[in-house]
1. Can you pull out the residues in region 90-105 that are surrounded by fewer than 23 Cβ atoms within 10 Å (Cβ to Cβ) and within 14 Å of residue 46 (Cβ to Cβ)?
2. Considering only residues of region 76-89 that are polar (S, T, N, Q) and over 15 Å from residue 54 (Cα atoms), which is surrounded by the most Cβ atoms within 10 Å (Cβ to Cβ)?
3. Suppose we filter 97, 74, 45, 16 for residues that are β-branched (Val, Ile, Thr) and within 17 Å of the chain's Cα centre (by Cα); which single one remains?
4. So how many residues does region 1-39 have that are closer than 21 Å to residue 65 by Cβ and assigned to a loop (DSSP other than H, G, I, E, B)?
5. Counting residues that are at pLDDT 80 or above, which helices (runs of 4 or more DSSP H) fully inside region 75-182 reach at least 3?
6. Are any of the residues in region 24-31 farther than 23 Å from residue 90 by Cα, modelled with pLDDT under 90, under 27 Å from the mean Cα position of the chain (by Cα) and among the charged types (D, E, K, R)?
7. Please work out which one of (1) open to solvent by less than 60 Å² (accessible area, probe 1.4 Å); (2) free of Cβ contacts under 8 Å to residues at least 40 places away in the same chain; (3) in contact with a Phe, Trp or Tyr (Cβ under 8 Å, 6 or more places away or on another chain) is the condition residue 49 fails and give its number.
Amino acid sequence: MENKVKFEDIQKANDTIKTTNIKGKDYAEVNQRIKAYRMVYPTGTIQTEMINNANGVCIFKATITDEDNNILATGTAYEKENSTFINKTSYIENCETSAVGRALGMCGFGIDTSVASAEEVQNAIANQETKKEEIDYNKLVKQYCAENKISLNDIAKQYKLNAKTTQKRFKEVYDELIKEKK
């Protein structure tokens, strides 16, 4: 069977895509990629499948087919619950959308600057910002000890702190040290 779609058809559809500028670079949003895909393959299908959803981690696979059900491309995505503001309530939906965006990118839709979609890049930036905002309580305990001329080794022994101590435990110790100071 001869391929009816030409590169020019995809290029023409891509010319209709509106992009979002993120940190000086343009990215296509998934809805724009879907619109362009539908211009070229109006009866093609976009199928999604949840590969995994356990322990707050979701993985989706998207498969893009033409009108004859020939697979054009696949894409996968991974999201963590609570990793961003949006993922607190919608990490599954966000994951599915990202997989679709990546699969459409693999088909050639909206990839003039990147396979990553605007949503993916915004989510990645949000994840980085969240990590930057996380407080390092280990460092705060060390700082507290230095400022108050307290032996860090004594605190470590007293509270049974070691290299495997979690941030949660360091927070508890830090909160207790602050409470004792008052």
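The values are calculated or read from the model by the stated rules, or taken from the named source; none is laboratory data. Keep in mind it's a predicted model, so treat the numbers as computed, not measured. Ideal geometry is used to build each Cβ from the backbone, glycine not excepted, and the neighbour counts take in all protein chains shown. Keep in mind that these areas ignore ligands, DNA and RNA; they rest on the heavy atoms of the full protein, side chains included. Shrake-Rupley method; radii C 1.70, N 1.55, O 1.52, S 1.80 Å.
1. Across region 90-105, the qualifying residues are 96, 105.
2. At the first step, the residues of region 76-89 found to be polar (S, T, N, Q) are 76, 82-84, 87, 89.
So of that shortlist, the ones also over 15 Å from residue 54 (Cα atoms) come out as 76, 84, 89.
Values: 76: 15, 84: 21, 89: 11.
Only one residue fits best here, namely 84.
3. 97
4. Result for region 1-39: 7.
5. Numbers: elements: 87-107, 118-133, 137-147, 152-159, 167-181.
By residue number, 87-107, 137-147, 152-159, 167-181.
6. Among the residues of region 24-31, at least one is farther than 23 Å from residue 90 by Cα, modelled with pLDDT under 90, under 27 Å from the mean Cα position of the chain (by Cα) and among the charged types (D, E, K, R), which makes the answer yes.
7. Every listed condition holds for residue 49 apart from (1).
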